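Participant: Here's a structure for you.
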Amino acid sequence: MSQQQIRIFDLNQQDCLDFANPFFSHFYQTGLQGLGLLHISHPACDSPEMSLLQHAIVIHLKPKVKFERRLAELHQIENPNIGDIAIIPAEVSHWHGTNQEVEGIVLVLEPPTLIQYAQELIDSEQVELIPTFAQPDPFIYGVGLALKQELDSGNVGGLVYLEFLFNAFVMHLLRHYATKQHKTPNYQGGFTKQQIKQIIDYIQIHLAQNISLDDLARLVNLSTYHFCRLFKQSMGLTPHQYIIHQRVEQAKQLLLNSNLTIVEVANLVGFANQSHLNYHFKRIVGATPRKIKYLI
């Protein structure tokens with residue numbers, strides 16, 4: 001097929017995939033630089049020969065779909081199951097056809113973002129994703145579902161939770177689906193006492209705000225991935241878990257020692273709303289905020 005017949009798609013454009021009728025697509029703005037998420041479904045169809053401006057990691061959500069796919073010069077007939085993933089690198093010609101309804105999540109990754117992570121995590125700029133036909137990958141399936149669920153909820157977990165999922169996802173891609181697979185540095189022993197104090201002080205000061213993993217990692221001059229690893233080694237919790245625990249503890253003190261309403265407390269300690277506070281408070285403390293407030 002000639003180059004003139006290949007259609008170019010920008011997955012960041014809403015409703016860009018218009019080759020089936022009806023074609024449902026919902027594009028999520030993740031708030032993360034270089035990552036978007038599409039939820040798509042379409043009836044049986046043959047796609048045009050196409051090339052994408054972004055890397056597409058497709059997560060299948062329908063069982064046992066008969067699927068024919070071509071990636072560059074490779075061709076395969078597939079029967080992807082729920083949770084199977086396929087990787088379509090940017091600028092790689094791609095075609096697919098199916099006689100059944102298709103539904104999936106597409107994680108949309110900008111090529112410069114992948115290169116940036118490769119520089120930080122594996123010390124290499126020369127990295128390419130490998131075209132991959134549908135195969136099981138429980139990790140990417142889980143991350144995709146978690147990202148969609150968090151975005152559907154209005155990101156009640158905060159930016160740090162999305163960043164945690166994103167970092168784990170990109171590291172997994174680089175380890176298992178990239179042409180360059182270098183061993184990442186193995187940091188041992190956790191943070192120094194001074195670094196821990198610096199990080200904890202920053203979290204306490206900014207607890208009511210949307211704390212970013214990037215901001216925390218910059219405090220100690222690390223990539224966000226290595227920061228998360230060292231934080232877990234030092235604190236026994238992920239950054240997201242630690243921040244939630246600190247917000248709950250501060251909320252508990254405010255409920256016991258002030259006349260603030262539960263809604264006001266939720267806002268002051270950084271929860272998105274009262275329901276978010278109620279959920280985590282009950283999970284960690286074992287009682288609802290209302291019960292704690294009226295103990296005195």
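Participant: Working only within segment 118-146, note down all residues that are farther than 23 Å from SER51 by Cα and of a type in the set (Ser, Thr, Tyr).
Facilitator: Answer for segment 118-146, where residues must be farther than 23 Å from SER51 by Cα and of a type in the set (Ser, Thr, Tyr): SER124, TYR141.
Participant: Do we find a residue being of a type in the set (Phe, Trp, Tyr), outside the structural domain of LYS66 (by TED's automatic domain parsing), touching a helix residue (DSSP H, G or I) at 6+ places or on another chain (Cβ under 7 Å) and within 30 Å of LEU268 (Cα to Cα) anywhere in segment 154-173? Outline the logic, then answer.
Facilitator: Pass one, segment 154-173, residues of a type in the set (Phe, Trp, Tyr): 161, 164, 166, 169.
Still in the running and outside the structural domain of LYS66 (by TED's automatic domain parsing): none.
Checked segment 154-173: no residue is of a type in the set (Phe, Trp, Tyr), outside the structural domain of LYS66 (by TED's automatic domain parsing), touching a helix residue (DSSP H, G or I) at 6+ places or on another chain (Cβ under 7 Å) and within 30 Å of LEU268 (Cα to Cα).
Participant: Is at least one residue of segment 67-79 within 16 Å of ASP10 (Cα to Cα), more than 26 Å from the chain's Cα centre (by Cα) and charged (D, E, K, R)? Reasoning before the result, please.
Facilitator: Within segment 67-79, the subset within 16 Å of ASP10 (Cα to Cα) is none.
The answer is no; no qualifying residue exists.
Participant: What is the residue count in segment 212-223 for residues that are closer than 21 Å to THR113 by Cβ, of a type in the set (A, V, I, L, M, F, W, C) and in contact (Cβ under 8 Å) with a residue 24 or more places away in the chain?
Facilitator: The number of residues fulfilling the criteria is 2.
Participant: For segment 128-163, how many residues are part of a loop (DSSP other than H, G, I, E, B) and surrounded by fewer than 19 Cβ atoms within 10 Å (Cβ to Cβ)?
Facilitator: Going through segment 128-163 one residue at a time, the tally reaches 6.
Participant: Related question: Being more than 23 Å from LEU268 (Cβ to Cβ), without any contact (Cβ under 8 Å) to a residue 12 or more places away in the chain and either in the same structural domain as LEU277 (by TED's automatic domain parsing) or within 23 Å of the chain's Cα centre (by Cα) (or both), is that true of even one residue in segment 224-244? Spell out the reasoning first.
Facilitator: Step one: filter segment 224-244 for residues more than 23 Å from LEU268 (Cβ to Cβ), giving 224-236, 238.
Add one more test, that the residue is without any contact (Cβ under 8 Å) to a residue 12 or more places away in the chain, and what stays is 232, 236.
Filter once more, keeping what is either in the same structural domain as LEU277 (by TED's automatic domain parsing) or within 23 Å of the chain's Cα centre (by Cα) (or both): 232, 236.
The answer is yes, given that some residue of segment 224-244 is more than 23 Å from LEU268 (Cβ to Cβ), without any contact (Cβ under 8 Å) to a residue 12 or more places away in the chain and either in the same structural domain as LEU277 (by TED's automatic domain parsing) or within 23 Å of the chain's Cα centre (by Cα) (or both).
Participant: In a strand (DSSP E or B), surrounded by 17 or more Cβ atoms within 10 Å (Cβ to Cβ) and not aromatic (Phe, Trp, Tyr): is that true of VAL58 in this structure?
Facilitator: Numbers: in a strand (DSSP E or B): yes; surrounded by 17 or more Cβ atoms within 10 Å (Cβ to Cβ): yes; not aromatic (Phe, Trp, Tyr): yes.
In short, yes.
The values are calculated or read from the model by the stated rules, or taken from the named source; none is laboratory data. Just so it is clear, the structure is predicted and the values come from calculations on it, not from any experiment. All Cβ positions, glycine included, derive from the backbone under ideal geometry; neighbour counts span all protein chains shown.
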